[in-house]
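Asker: Please see the structure below; I have some questions.
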Amino acid sequence: MAALRRKFGEDYQVVNTNRATTCSAAPVKKKRQRFVEKNGRCNVQHGNLGGETSRYLSDLFTTLVDLKWRWNLLIFILTYTIAWLVMASMWWIIAYIRGDLNHGHDSSYTPCVANVYNFPSAFLFFIETEATIGYGYRYITEKCPEGIILFLFQSLLGSIVDAFLIGCMFIKMSQPKKRAETLMFSQDAVISQRDGRLCLMFRVGNLRNSHMVSAQIRCKVIKSRQTPEGEFLPLDQCELDVGFGTGADQLFLVSPLTICHEINTKSPFFDLSQRSLMNEQFEIVVILEGIVETTGMTCQARTSYTEDEVLWGHRFLPVMSLEEGFFRVDYSQFHSTFEVPTPPYSVKEHEEKNSLPSPMSTPTPALTDSRGARRDRVFSVDCINSTEEKGRQNVSGTRLPSKLQRMSSSGKEDLQRKVLLIGSQHSEKACSTGDLPLKLQRLSSSPSPEASNRLQLKSLKVGFEPMTQSTGDLYQPNLAPSPLPMHSPVLSGGGRMEDNLPPKLRKMNADR
Amino acid sequence: KSESVAELSPQKQEPPLLSMFRQRYVEKNGRCNVQHGNMRETYRYLTDIFTTLVDLNWRCSLFVFVMAYAVTWLFFGAIWYLIAYCRGDLDHLEDEDWTPCVNNVNGFISAFLFSIETETTIGYGYRVITDQCPVGTILLLLQAILGSMVNAFMVGCMFVKISQPNKRAETLVFSKHAVISLRDDKLCLMFRVGDLRSSHIVGANMRAKLIKSKQTQEGEFIPLDQTDISVGFETGDDRLFLVSPLVISHEIDSRSAFWDMSQAQLEKEDFEIVVILEGMVEATGMTCQARSSYLAEEVLWGHRFSPMMSLAEGFFDVDYGAFHHTFEVNTPSCSARELSLAAARLDAHLYWSISSRLDEEPTLAQQAATHTVNGLFILK
């Protein structure tokens with residue numbers, strides 16, 4: 001991530017200044033190489049196989065079926081022609097050795113094959129035998145034992161080669177992968193909200209009336225990344241959940257369906273916002289598998305969406321309408337989208353904003369036992385109880401009591417983590433506060449009430465670094481509970497920092 | 001047209017469907033009422049020509065079959081005729097010393113007959129190709145190869161069309177109605193599925209989808225939204241062993257879409273349940289799919305399916321006359337949610353350390369229930 005950020009470092013400035021003009025176009029991006037094309041073909045070539053090429057010949061059948069149609073036809077015709085030429089020449093050799101060729105039209109002489117007296121006639125005889133036409137003008141006589149043996153051999157070999165080539169032809173014609181041509185995916189994927197949750201959606205449609213049995217859809221996100229241990233994973237694939245756990249990935253595909261991936265904590269797009277979408281580089285590969293109803297063979301349709309084909313804040317136009325006695329699908333609207341108002345924040349920022357303004361942090365067991373801390377802790381416990389009671393007395397209808405409940409029950413760990421983060425070292429980039437300087441850059445151009453608080457936070461962070469020596473001291477001011485108003489959550493967050501600052505600064509001044 | 005669907009509020013959309021005849025998404029026999037229109041990319045159908053041909057109905061299929069053969073025969077017949085014409089064979093019909101390309105071809109009809117005999121490899125022998133005609137040899141070669149290719153393709157299409165696995169779905173039956181009644185103190189939505197043949201369906205699995213239009217909080221109207229109805233996905237109960245008719249049951253729990261549906265509400269609801277049974281035909285190993293659907297008015301509240309199995313001498317006898325029959329049973333008309341709340345209230349006294357009087361006198365359980373309900377109110 002750090003490498004990518006450094007690479008796109010200058011892009012940040014460019015995007016910020018051009019933000020007023022276009023949000024969708026990234027001016028510095030050049031055309032990037034896709035892993036999978038829109039039609040499903042994969043841009044991977046296998047090279048430098050070395051001694052492994054013999055494997056392709058061992059599996060001759062699949063090799064033949066995998067070839068393009070023109071190569072198949074060429075092989076087909078060549079096999080027949082060359083084999084026939086070779087065999088025909090053998091017939092001609094027999095005739096030559098026997099001396100039939102000199103007794104062309106001699107009615108008393110019985111040649112091996114009647115009426116074969118030169119190469120063209122030998123060839124014709126061969127074709128007639130091989131294709132089982134058998135006109136009858138040229139026929140084999142019984143005076144020719146070597147001819148009979150060759151005849152047997154030719155019949156058998158001819159049948160085998162025939163069956164093999166025709167089998168290849170049939171398999172190639174009835175290939176289930178052709179069925180994927182009549183499975184359509186939308187041109188773009190969209191991100192918008194559904195029932196309050198941010199979702200990534202795309203559309204899939206079946207153009208035929210015959211069904212796809214056991215249709216199943218799955219998605220992969222292809223994104224290069226570097227592990228903390230330093231290993232660079234190029235084109236790393238991770239799974240995108242489109243309903244695997246609930247069975248919603250088994251589709252009933254009769255009319256176009258919108259497949260929806262809900263962006264939550266487990267999603268790889270958890271920290272994707274409208275701005276980061278312009279600077280990230282990923283590819284979503286969609287795989288739809290199912291059994292062709294007519295042949296019973298499994299087929300797979302693929303497509304991919306790069307980051308510039310993902311539209312933030314759009315929705316698909318509906319394609320279904322009700323007619324007399326049936327539902328009509330209008331495929332001219334299949335790829336169309338329209339804009340809807342969508343908050344540009346990522347799900348992560350959204351959740352952070354919701355959980356940040358908790359004014360009291362819960363008493364954490366990991367605290368030190370210094371007297372000052374204990375005192376503060378006791379005080380905070382009382383305060384917690386008061387706020388919790390206040391919350392319970394509140395009529396359930398506003399969001400705040402639920403926030404408190406969340407905070408008291410499950411939010412404890414979050415808060416503890418946040419407290420730790422605020423006091424942690426600056427160098428840890430993996431945590432959310434590591435993004436803070438960048439957030440500040442982004443927010444600098446947009447006036448918002450949070451900006452001032454965030455700026456204060458940044459300055460506070462700078463001041464925090466030398467303070468990480470004693471965690472007990474750190475926790476003290478954070479636990480200093482002041483009855484803050486809960487109606488302006490963000491401001492209270494900033495306000496809390498301000499209240500906590502004076503004792504800390506006082507301490508700093510005292511130390512120095 | 002389609003834009004207007006988005007503009008129309010769902011309230012305006014739904015009443016016309018309810019008051020008139022309600023348009024089904026899937027028929028009872030599994031056919032889907034969807035037509036694809038305004039498709040611009042028709043090249044896709046031609047790239048996948050095999051499925052296009054196999055998907056045609058029998059009349060069109062036979063027509064294509066006949067046409068494929070007839071066209072190739074005529075084409076090659078015309079070329080043989082052309083060769084004879086260009087060589088001058090037609091002018092030297094009575095000439096004894098002239099060796100034509102093909103013996104006894106003296107017109108278009110005989111050229112056509114010769115082409116048929118060659119391509120179908122009958123080869124009577126009256127009309128024979130001579131060795132004085134290299135062009136004819138090449139043409140013979142081409143026609144033999146093409147003939148076998150067209151043969152293979154047509155026979156393959158025919159074979160695939162005959163052995164289509166979706167015909168197996170004709171002998172898989174679903175009950176006409178779905179019922180809702182109590183099973184083990186839980187409301188369940190049930191329907192029956194049966195296999196009319198003695199041969200098995202291998203790897204049969206059942207799934208159901210609820211088709212109901214909905215509108216999201218943000219105002220997006222999703223027409224005919226599909227949600228999953230669990231018929232045993234997590235426990236593996238959706239994998240059936242289908243030898244005798246089975247009653248498939250969907251337990252209405254808190255995650256179900258019918259959690260808040262009571263009997264009165266069922267009469268006002270508008271949804272469609274599509275049930276899908278997939279499995280492999282035992283003979284061919286090809287997967288088939290049988291479908292059916294239940295509208296809201298085909299779901300009967302408070303009924304149960306009549307039993308159809310009886311024990312005869314050495315085997316179990318299944319009476320398909322009773323397959324669709326249901327009979328009424330006593331079922332509470334409240335929704336599943338209300339039922340679970342009532343059950344929780346009745347059980348609440350077990351968690352209280354108050355008077356054991358409640359435990360000693362089960363006949364007073366009703367009184368106790370009202371007491372506990374009041375108690376809970378006070379606490380809240």
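Asker: In what sequence do A:Phe61, B:Phe112 fall when counting other Cβ within 10 Å, fewest first?
Answerer: Details: A:Phe61 11, B:Phe112 18.
Ordered by Cβ neighbours within 10 Å, fewest first: A:Phe61, B:Phe112.
Asker: Oh, and also: I'd like the per residue volume of the convex hull spanned by the Cα atoms of the range B:106-202, given in cubic angstrom.
Answerer: Normalising the Cα hull of the range B:106-202 by residue number yields 194 Å³.
Asker: Taking every Cα atom in the range B:56-162, find the radius of gyration and the maximum pairwise distance Dmax, and write them in Å.
Answerer: 15.9, 55
Asker: A further question on this structure: What are the extents of the Cα atoms of chain B along their three principal axes, in Å, largest first?
Answerer: Here the Cα extents, ordered largest to smallest, are 127, 65, 34 Å.
Asker: So, one more: Could you check the simple spin-label distance between B:Arg59 and A:Gln300, using points 7 Å along Cα→Cβ, in nm with one decimal?
Answerer: 4.1 nm
Asker: Lone cysteines in chain B, defined as no other cysteine's Cβ under 4.7 Å from theirs: which are they?
Answerer: B:Cys32, B:Cys60, B:Cys86, B:Cys157, B:Cys188, B:Cys288, B:Cys334
Asker: Between A:Ala114, A:Ile93, A:Val161, whose Cα lies farthest towards the positive end of the dipole of the range A:67-173 when Lys and Arg beta carbons carry +1 and Asp and Glu beta carbons carry -1, centred on the Cα centre?
Answerer: Value computed over the given set: A:Val161.
Asker: What nm distance separates the two modelled labels at B:Glu269 and B:Tyr45, each placed 7 Å from Cα along Cα→Cβ?
Answerer: 3.9 nm
Asker: Let's test the formula: R0 of 30 Å, r as the Cβ-Cβ distance of B:Tyr85 and A:Ala83. What FRET efficiency results, to the nearest 0.05? Let's see the in-between values first.
Answerer: On the way: r = 32 Å, r/R0 = 1.08.
So, using R0 = 30 Å, E works out to roughly 0.40.
Asker: Taking a threshold of 27 Å on the Cα-Cα distance, which of the pairs A:Lys177/B:Lys28; B:Lys176/B:Lys209; B:Lys167/B:Lys212 fall above it? Before the final figure, lay out the partial values.
Answerer: Values: A:Lys177/B:Lys28 31 Å; B:Lys176/B:Lys209 17 Å; B:Lys167/B:Lys212 29 Å.
Flagged as over cut-off: A:Lys177/B:Lys28; B:Lys167/B:Lys212.
Asker: Now for a different question. In 5 Å bins starting at 0, how do the alpha-carbon pair distances of the range B:168-334 split up by percent?
Answerer: In order of increasing distance, the bins hold 1, 8, 16, 20, 19, 16, 10, 6, 3, 1, 0, 0, 0 percent.
Asker: As a test of the definition: which semi-axes, in Å, follow for the range A:67-173 when you take the square root of five times each eigenvalue of its alpha carbon gyration tensor? Largest first, please.
Answerer: Values: eigenvalues 193, 32, 23 Å².
In descending order the semi-axes read 31, 13, 11 Å.
Asker: OK, next. As an exercise, identify the trypsin sites (Lys or Arg not before Pro) in the range B:192-222 lying in DSSP coil whose Cβ has no more than 14 other Cβ atoms within 10 Å.
Answerer: Working: sites: B:Arg192, B:Arg197, B:Arg207, B:Lys209, B:Lys212, B:Lys214; in loops: B:Arg197.
Within the range B:192-222, the qualifying trypsin sites (Lys or Arg not before Pro) (loop, at most 14 other Cβ atoms within 10 Å) are B:Arg197.
Asker: Another one. Rank these for me by crowding, B:Trp58, B:Trp80, A:Trp71, going from fewest to most other beta carbons within 10 Å. Please report the intermediate quantities before stating the final value.
Answerer: Details: B:Trp58 8, B:Trp80 26, A:Trp71 11.
Lowest count first: B:Trp58, A:Trp71, B:Trp80.
Asker: Can you give me the Cα centroid spacing of the range B:199-256 and the range B:294-349 in angstrom?
Answerer: Between the Cα centres of the range B:199-256 and the range B:294-349 lies a distance of 18 Å.
Asker: In what sequence do B:Arg304, B:Arg40, A:Arg34, B:Arg239 fall when counting other Cβ within 10 Å, fewest first? Display every interim value, and only then the final one.
Answerer: Working: B:Arg304 19, B:Arg40 9, A:Arg34 16, B:Arg239 13.
Ordered by Cβ neighbours within 10 Å, fewest first: B:Arg40, B:Arg239, A:Arg34, B:Arg304.
Asker: Further question: Give me the percent relative contact order of chain B, please, defined on Cα pairs under 8 angstrom at least 6 residues apart.
Answerer: On the way: 493 pairs, mean separation 55.5, N = 380.
Reported relative contact order: 15 percent.
Asker: Just to be sure I understand: with springs between alpha-carbon atoms less than 10 Å apart, which residue in B:Ile79, B:Ile201, B:Ile211 has the highest mean-square fluctuation in the Gaussian network model of chain B?
Answerer: Of B:Ile79, B:Ile201, B:Ile211, the most mobile in the Gaussian network model is B:Ile79.
Asker: Taking 7 Å along the Cα-to-C-beta vector as the label spot, tell me the A:Ile93-B:Phe241 distance in nanometres, rounded to one decimal.
Answerer: Taking the simple label geometry, A:Ile93 and B:Phe241 are separated by 6.5 nm.
Laboratory data are not the source of any read-out in this text; all were calculated from the coordinates shown. Remember, predicted model here, so these are calculated numbers, not experimental data. FYI the Cβ positions are ideal-geometry reconstructions off the backbone, even for glycines, and counts take in every protein chain you see.
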